[in-house]
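Single-structure report; data block below.
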Amino acid sequence: MKKALFTYDYGKEKMSLIKELGYDVIIKEEKGLFYSEELKDVEVLVCYDPFSTLDITKMEKLKWIQLSSIGIDQAPIDYIKEKGIILTNNKGGYSIPIGEWIVMNILQLAKNSIKFFEKQKNKIWRIDTSIIEIYGKTIGFIGTGTLAIEAAKRLQGFGVNILGLNSNGRNVEGFNKCFSKDVMDDMLRLCDFVVVTIPYTKETHHLINKERFNAMKDGVYFINVARGSVVDEGELIKNLKSGKIKGAALDVFEEEPLKEDSPLWDMENVYITPHNSWVSEMRNERRFKLIYENMKKYVEGEKLLNIVDLQKGY
Ligand SMILES: NC(=O)C1=CN([C@@H]2O[C@H](COP(=O)(O)OP(=O)(O)OC[C@H]3O[C@@H](n4cnc5c(N)ncnc54)[C@H](O)[C@@H]3O)[C@@H](O)[C@H]2O)C=CC1
Ligand SMILES: O=C(O)C(=O)COP(=O)(O)O
């Protein structure tokens, strides 16, 4: 029997489906999880981020880690690489709610919702003539993976021009044109909205920096739903203050939770959600479906879904 450690309890019914596949299942809450002797022969770890307290170097039989997240930046990648442990993620598992979140925020920015919420709170009846339509506008996605694809699909009906940036400029369905990472500024110059949907890797640290903001149109709208550190937050703040960026919607930050003294909280043109875009009532259902399929493949010796390319880092 293969021993599997789950750091989240999917409930009796679902966990018994895993046991029926032939696993000896241990369930332990992730928070403050420490190594104990019973974890010695764990072969499969299904988790989000137990790595700050759980010493996986003591789990000598560990062969496969299934993350419940899409981002892998919380995992000890060097150790995983060194030991030849397979790492799989939840790619695709949150792209529908995030696609919806992106559409919502493009519209909120264009329609100035934040100002209306404020006026409603204060019972103020005043027309806002600064509203724009998104029809005919250009929306550029930095990264054309599952998040951008689901957003692009949902934007089709709005009559927008959808651009995408990826590693080699390959065409992706749903995008009017794709650009390679070497010519990022050519795309940025065209965009009314820039949406960051790229993984955080060594290569993408502060990918969006002073020079990239300079390349963008004056009055661009900026959205980040990937990882905070893909963007130089100091530069983002400067560009928001100067008006170069007209408004932003941010779900992720260089430091989370966002500090109380961050100027972003008080900016009247910034929408903030607390790394919440991935949440919907379907999250556990979809996550479990992937976990189940993969655990079945693992016992049957088949190739797993969503294997992370440790060289590329996503
Ligand atoms: N805010 C949230 O709750 C969530 C955030 N995320 C983040 O979003 C990221 C993207 O997710 P997916 O779309 O599912 O990823 P994905 O793996 O499907 O797509 C990644 C895309 O980025 C491109 N890319 C990667 N490195 C690049 C580079 N250096 N230059 C140009 N293009 C590059 C790839 O070509 C691909 O188009 C995740 O890695 C994760 O960090 C994911 C889920 C939830
Ligand atoms: O899956 C991801 O990468 C996400 O960002 C989702 O949010 P989480 O990291 O699970 O809090």
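The values are calculated or read from the model by the stated rules, or taken from the named source; none is laboratory data. Just so it is clear, the model here is predicted, and its values are computed rather than measured. Reconstructed Cβ throughout: ideal geometry from the backbone, glycine too, with neighbour counts over all protein chains shown. These area figures cover heavy atoms from the full protein model, side chains too; ligands, DNA and RNA do not enter into them. Shrake-Rupley method; radii C 1.70, N 1.55, O 1.52, S 1.80 Å.
A few points about this structure:
- For Asp24, the residues 5 or more places off, or on other chains, whose built amide H falls under 5 Å of its own are Lys2, Lys3, Ala4.
- Inter-label distance, nm, simple model (7 Å from Cα along the C-beta direction), Lys83/His206: 3.3 nm
- Between Leu290, Ser262, Ile65, the Cα set farthest toward the positive side of the dipole of the chain (charges on each charged residue's Cβ, about the Cα centre) is that of Leu290.
- Solvent-accessible heavy-atom area per residue, rounded to whole Å², over the chain at 1.4 Å: 52 Å²
- Look at the alpha carbon pairs under 8 Å that are at least 6 residues apart: their mean separation over the length of region 106-236 gives a relative contact order of 21 percent.
- Among the GluC sites (Glu not before Pro) in region 243-314, those placed in a DSSP loop whose Cβ has at most 10 other Cβ atoms within 10 Å are Glu255, Glu260, Glu268, Glu281.
- Under the combined filter of DSSP loop state and at most 12 neighbouring Cβ atoms within 10 Å, region 88-141 retains these chymotrypsin sites (Phe, Trp or Tyr not before Pro): Trp125, Tyr135.
- Reducing region 79-156 and region 214-271 to their Cα centroids gives an inter-centroid distance of 14 Å.
- In loop segments of region 25-104 as defined by DSSP, the GluC sites (Glu not before Pro) with at most 12 further C-beta atoms inside 10 Å of their C-beta are Glu29, Glu60.
- Largest-first ordering by accessible area, 1.4 Å probe, given options Ile142, Ile124: Ile124, Ile142
- Ile86 long-range amide H proximity, modeled H, under 5 Å: Trp64, Ile65
- Cross-link table Lys137/Lys241; Lys58/Lys91; Lys119/Lys259; Lys217/Lys238, entries beyond 18 Å C-alpha to C-alpha: Lys137/Lys241; Lys58/Lys91; Lys119/Lys259
- Note on region 95-272: with charges restricted to the Cβ of Lys and Arg (+1) and Asp and Glu (-1), its dipole about the Cα centre is near 560 debye.
- Assigned charges on the beta-carbon of Lys, Arg, Asp, Glu; region 32-143 dipole about Cα centre (debye): 800 debye
- In the chain, the DSSP-assigned H stretches of four residues or longer account for a calculated mean residue ellipticity at 222 nm of -8500 deg cm²/dmol, using -39500 (n - 2.57) per stretch and the full residue count as denominator.
- Surface composition of the chain: carbon and sulfur atoms hold 50% of the protein heavy-atom accessible area at a 1.4 Å probe.
- According to the calculation over all Cα-Cα pairs in region 95-272, the P(r) per 5 Å bin from zero is 1, 8, 18, 22, 22, 15, 8, 4, 1, 0, 0 %.
- Electrostatic dipole magnitude of the chain [Cβ: Lys, Arg +1; Asp, Glu -1; Cα centre; debye, to 20]: 760 debye
- Taking a ≥ b ≥ c as the square roots of the Cα gyration tensor eigenvalues, region 267-314 comes out oblate, since a/c reaches at least 1.5 and a/b does not exceed b/c.
- For region 34-178, the square roots of the Cα gyration tensor eigenvalues, ordered a ≥ b ≥ c, give a/c of at least 1.5 with a/b no greater than b/c, which places it in the oblate category.
- Global form of the chain, assessed from the alpha-carbon gyration tensor, a/c cut-off 1.5: prolate
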